[in-house]
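Remarks on the structure that follows.
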Amino acid sequence: MNDYFAVLIDTVSIQQYIFQSNKLKENLGASYLVSKIYLEPLCKIVSQLFNEELDFDAWEKEPAKIREPFDVGYIGGGNALLLFKDQTKAQTFVKEWTKLLLMETPGIITAVAIKKIAMDNYLISKKKLFDLLKINKSTFVPQTIIPRQGITAECSRTGLSLDVFNEIVGEFVSSSANARIMAARKAQEEINDHYRDILGNQFCFSGELEKLGQVAREDSHIAIAHIDGNNMGDRFKAMDTLEKSRRLSKTVDEATRNAFRELLKYIVVNYAKIMESLGFDNSSDNLRRRFPVDDERKKLILPIRPIILGGDDIIFVSDGKLGIFFSKIFIENFEKQTVSDRQKLTACAGVAVIKTKYPFYRGVILAEELCHNAKTERRNSEDTCSYIDFHISTGGITGSLEEIREKNFKVNQGELDYRPYKFVPQDKDERSFELFLSKTRELKQFPKNKISQLRTTLTLSEEATKQFAMEMKFRGRTLPTIPGHTFHHTLFEDGKTPYFDMIELLELYPSFELETNGKDEDENI
């Protein structure tokens, strides 16, 4: 019989687990633990069950072949499918694996479904398995941490009981925090080693939010980018054989990683130009202006650090002025990749720019909301391209994205935000990000005092906006024009304006990408 007992595993609330701390190192440690729970503990328990070392990468090497008495269906995209010929072995695996997670990675919540799956009826069997997983996730939440006792002190990192002394931080922490801290160093070593062919002996990643390109002791911001592939769930559901599912899982993961590698190559090649756009000058006598160097590795620090990278999903953090730019480069490279189903890859990005000291998890949630908003706009517009949405916070963040924009982006004449934007050629759509960049370059040629005046005028009455446009015309200037619209005469049209986005992008984008052949204008003109 071509039947197996399938074990479908999913990690629940990954982001909540990873981003509990405001310390980047602990976030990286948590991400490392999540990425490893499908590999090291899984391999350990299965090998013990069958009393032999198995090839857990065989499914990638020979996707058309299914081995007995155990094989990996696939691993990726936040879940794993395991195949057992024996039901008892499948049930024992789940029991022992989750017990091991409780000891080694406390706090990680997983959901599991076990069901017989027929390979000659894979599509229907797979649907029933996923339906069962959905039911299990909604009906049972396992206890994955040691319950807090009333007589113990509270861990400032997690709010759980202090039960482990961590030598790295020199204090007692909860077992959950301890696992993250201990994994952080491994995460740093692994990523620097993994990209050694690109980094060479000159560059490295940082484990600190304060060292991502911000000039020390100056007002600094970080960008948190969440990028997610479009329609990937539907594409996986359409796979009617295990072989097709395996190939798609492998090639999508490779596409994401290849796109990041291309982004990394760009950063390394253009490192000096990028850092100088952030205010650094390696010839300066002011040490704060020198390119940042890692104290331990004695290498130049890159202004980016991926936190989640796998499947069709990536979350990275960078200097605030680089998040949108790096997201654009990543998506452009992601779209060039080819995967097994031969359909074009696209993605949506949400970029939240927040103060470096602001609670990190709140910025992650905002980036996720921005990504979701871009996906919603894409779906409503029935587009097939990639989208990007962004938000810059100069202070704190209170409420949801919808509430923030309702409170801070609504003025007398309508909405200040024109976003999200599409990654299409600038002559194809008025919401093209390339068109938006081009018009931002035009606005950059205006005197700074006029750009500041424009920003203020956008919040005033219709009469004030028209008067500003007339003044610009009188002075021989024309505001950037959007084809088919009269924004350059009225600033607003149908309750929308593109100029506030352009003004913000002047602050959020590297200066060398906004340069034109023109010269800077006299601010007093």
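Listed values, structure above:
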read-out: Debye, to nearest 20: dipole size of the range 457-512, +1 on Lys, Arg Cβ, -1 on Asp, Glu Cβ; value: 280 debye
read-out: Partner aspartates and glutamates for Lys186 [C-alpha distance under 16 Å; skip if fewer than 8 residues away on the same chain]; value: Glu26, Glu40, Glu104, Glu167, Glu208, Glu296
read-out: Förster radius 30 Å - calculated FRET efficiency between Glu382 and Lys237 (Cβ-Cβ, nearest 0.05); value: 0.90
read-out: Global form of the range 426-525, assessed from the alpha-carbon gyration tensor, a/c cut-off 1.5; value: oblate
read-out: Amide N proximity, the range 268-311 versus Ser511 label position 7 Å along Cα-to-Cβ, cut-off under 14 Å; value: 273-282
read-out: Unit charges at the beta carbon, dipole of the range 262-333: most positive-side option, Pro306, Ser277, Gly320; value: Ser277
read-out: Value of relative contact order over the chain, rounded to a whole percent, pairs C-alpha under 8 Å and six or more apart; value: 13 percent
read-out: Net dipole in debye of the range 195-408 [+1 Lys, Arg Cβ; -1 Asp, Glu Cβ; about Cα centre; nearest 20]; value: 520 debye
read-out: Cα gyration tensor shape of the range 3-139, rounded if a/c is under 1.5, else prolate or oblate by comparing a/b with b/c; value: prolate
read-out: Where only alpha carbons of the chain are counted, the Rg and the Dmax (Å); value: 25.5, 85
read-out: Gap separating the Cα centres of the range 317-337 and the range 91-138, nearest whole Å; value: 34 Å
read-out: FRET efficiency for Ala153 and Asp131, using Cβ-Cβ distance with R0 set to 51 Å, rounded to 0.05; value: 0.70
read-out: Within-11-Å neighbourhood charge of Gln87 [Cβ basis; K, R +1; D, E -1]; value: +2
read-out: Three-way shape label, the range 120-249, alpha-carbon gyration tensor, a/c 1.5; value: oblate
read-out: Dipole of the chain, positive direction: furthest Cα of Ser386, Phe500, Phe56, with charges on the beta-carbon; value: Phe56
read-out: Karplus (6.51, -1.76, 1.60) ³J(HN,Hα), θ = phi - 60°, over the range 68-76, in Hz, Gly and Pro reported as x; value: 10, x, 8, 7, 7, x, 5, 9, x
read-out: Lysine pair count for the range 256-407 [Cα-Cα under 14 Å; pairs on different chains or 8 or more apart]; value: 5
read-out: Under the span-like rule (Cα at least 15 Å along the axis, Kyte-Doolittle mean at least 0.5), DSSP H helices of the chain; value: 40-50
read-out: 222 nm mean residue ellipticity, helices alone, for the chain (DSSP H n ≥ 4; -39,500 (n - 2.57); rounded to 500); value: -13500 deg cm²/dmol
read-out: For the range 233-301 and the range 361-439, distance of Cα centres in Å; value: 23 Å
read-out: Of Phe70, Phe433, Gln16, farthest towards positive along the dipole that unit charges on Lys, Arg, Asp, Glu beta carbons give the chain; value: Phe70
read-out: For Met275, Met119, order by how many other beta-carbon atoms lie within 10 Å, fewest first; value: Met119, Met275
read-out: Normalised convex hull volume, the range 195-408, alpha-carbon set, Å³ per residue; value: 133 Å³
read-out: Size of charge dipole - the range 3-139 - debye, nearest 20, with Cβ of Lys, Arg +1 and Asp, Glu -1, no other charges; value: 540 debye
read-out: Under 5 Å, built H, 5+ apart or other chain: amide partners of Tyr387; value: Ala347, Cys348, Ala349, Phe423
read-out: The range 465-516: GluC sites (Glu not before Pro) in DSSP coil with no more than 11 other Cβ atoms inside 10 Å; value: Glu515
read-out: Long-range HN-HN contacts of Val411 with modeled amide H, under 5 Å; value: Leu416
read-out: Loop-resident sites, the range 1-103, for GluC sites (Glu not before Pro), counting at most 14 other Cβ within 10 Å (DSSP); value: Glu52, Glu53
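We did not get these values from a lab; they are worked out from the coordinates using the rules stated. The structure presented is a predicted model; accordingly, all values stated were derived computationally and were not measured. Quick reminder, even Gly has a Cβ in these numbers, built from the backbone with ideal geometry, and neighbours come from all protein chains shown.
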